[in-house]
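The structure appears right after this line, and notes come after that.
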Amino acid sequence: MSAKLLLAFTLTMLKEIIILDNMQKGNIRVQTENIFPIIKKFLYSEHDIFIRELVSNAVDATQKLKTLSSIGEAKGDIGELRIDILLDAEKKTITISDRGVGMTEEEVDKYLNQVAFSGAEEFLEKYKGQNENNIIGHFGLGFYSSFMVSEKVEVVTKSFKEGVQAVRWECDGSPEFTLEPAEKIQRGTDIILHINEESKEFLDVYKVKSTLEKFCKFLPVAIYFKDVNEKVEEPVAEVKEREEKEDPKEIVTEKPLNNTNPAWTKKPSELTKEDYENFYRELYPYNETPLFWIHLNVDYPFNLTGILYFPKIKQSHEIQKDKIQLYSNQVFVTDEVKDIVPEFLMLLQGVLDSPDIPLNVSRSYLQGDPNVKKINAHITKKVADKLEEIFKNDRTAFQEKWESLGLFVKYGMMTDDKFLEKANSFFIMEDTTGKFTTKEEYVAATPTQKNKDGKQVILYTTNPVQQDLYIQQAVAKGYSVVKMETLVDAAFINTVEMKWNDFIFTRVDADIADNLIDKAENVDSILSKEDAEKLKKLFEQPQEGLHVTVEVKGLNNDAPPVTATRPEQMRRMKDMATMGGGMAAFYAQMPDEVLLTVNGNHSIYKNILAETETGQQEKLVKNLADLALLSQGLLTGKNLTQFISRSVELMEK
């Protein structure tokens, strides 16, 4: 029977259940005996969640005691408040002990013996199609997660109230339980889990410790872990001191597993640069020091605290997402924060903590929750404000960080119009000389780069080394060429070109330098019409994998004899095709479009046209064409091999 069918079957039995009430021995007042199979098989997909649930309950009990003490309801010294996790693999037990408020016999009956399932139809309708994890937290079933891994659970508890008898509650996962007086000196609750055979992995020290570190790393109450079977030589003096303590089961450890007061819970005024960097190293021990960070602290209209770090990103490294951890009151929830954090900021790292987001969230919950949408918008604004502040106050530092920051900024400008509007003031471009300009500064510095339609032409290079010849020719004409060589630049150019109405982008090798801004008037060619036509036919030799178009033009004497260019729009289509999707497959199958512009005024052609040896003209022209293609990275494989052999042959002659 599937989990959903099991749940439906269970809930239809509500009318047939007879509820028993016996304080010494009786039935847990659930409305079906099948509640435990549901808990074990349906409610949780990850069994290690039980540690988070039980430790969180222990924290709650501790925090309640602190509150009661502060208002005078809990009398006397409350002593050291801590949570102890005791693993005994030989006895197959895990014990979770706190020194919190504890429970009276009546409270045990109230909180442990009643599981409030009601409204079967409403329940099924409410959670139809949702992640099963969503159910936990809505009905107070956290404690019962212990039965996912246990064949028996014991609870020994003593209330903080004076003169109250300690009690022991025990249940083997059926509706039956026992409740009896117990001996317990210290206030608080011990939960002893007798681990079942299917869950014996939780008797491994490293499994328990890693789970504690995952879920409980920043809980506000100190957590101590001990493996009772670990052989440790304890100094005699410490043994004597421990034996003299009131509670002989007191666990002595060097330091807690968790940081009870992480940086994000403090005020920014209380933290130094070193504090922020140290906390980053605590989160990501092997990462380089971050570029900078943003400390979030909002209490209206939603509650949100956290620290977001901008990591150093090197283009040679793989970009990693899902590095932001989501907490609820310092309890770890997930590191999948899509929808909470804007898509373009998923490359950030750090911590977010919001009690307005429940411990058990689903994608459908996040997408529909109004607080999540407000948090998303607030984070976008805070990031934009921070970037603008750094740009205005220390532009040099901003430019030095641009290699990493540029990825965030460009991605944000593509995906978020509000961020785009803000980012227009601090978006910068680096040209091939190392100079940075904003969009407005680029316009002012390049008055000759307006085309006949009045649009500003931003010339760019995707590979300054490979495209050096084209860059030099553009610079010689007084043009400025900016570098667009990151993995997001192709998509960025296509996107912002539609949003910046008065700008177009043209790659520096999209045409000969004379035509980059507007098509130039032809210069008179020294070649006769017949020679020009003959030269064109010589260059129109088939090239495998390429669609080559040839034009003979009169250019300046210092221009190369032949230049290979790739028309901007067709090249963009081919580039986008490598990313897949849509019409990409169609364009990917098409040969590369190449325009060979032959400089009819170059002196080399007099010699070539005067060549009389059979086949020599073809070889010389073919080599010139291959040199031009080589500059575009389009000469590969067999074509490259033939070019090398031909070059050697021509040099020998």
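Any read-out appearing in this document is the output of simple, stated calculations on the displayed coordinates, not a laboratory observation. No experiment lies behind these values; they were computed from the predicted model shown. Every residue, glycine as well, gets a Cβ built from its backbone with ideal geometry; the counts of neighbours run over all protein chains shown.
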Arranged by the count of other C-beta atoms within 10 angstrom, fewest first, what order do 414, 498, 590, 570 take?
498, 590, 570, 414
Tell me which lysines have Cα within less than 24 Å of residue 606's Cα, excluding those fewer than 8 residues away on the same chain?
529, 534, 536, 537, 553, 619, 622, 653
Entries of 452/519; 161/184; 64/161; 312/373 with Cα pairs more than 18 Å apart:
312/373
Sort 90, 73 so the one with the fewest other Cβ atoms within 10 Å of its own Cβ comes first.
90, 73
Quick one: Cα centre-to-centre distance for the range 188-228 and the range 70-101, in angstrom?
14 Å
For the range 523-653, what is the largest minus smallest coordinate of the Cα atoms on each principal axis, given in angstrom and ordered from greatest to least?
51, 35, 23
At residue 515 and residue 604, where each label point lies 7 Å from the Cα along Cα→Cβ, what is the point-to-point distance in nanometres?
1.9 nm
Only counting other Cβ atoms within 10 Å, I'd like 150, 480 sorted with the fewest neighbours first.
480, 150
Using only alpha carbon pairs under 8 Å that are at least six residues apart, calculate the relative contact order of the range 405-553 and give it in whole percent.
21 percent
Specify whether the C-alpha gyration tensor of the range 393-449 places it in the rounded, prolate or oblate class, a ≥ b ≥ c being the square roots of the eigenvalues: rounded for a/c under 1.5, otherwise prolate if a/b is larger than b/c and oblate if not.
oblate
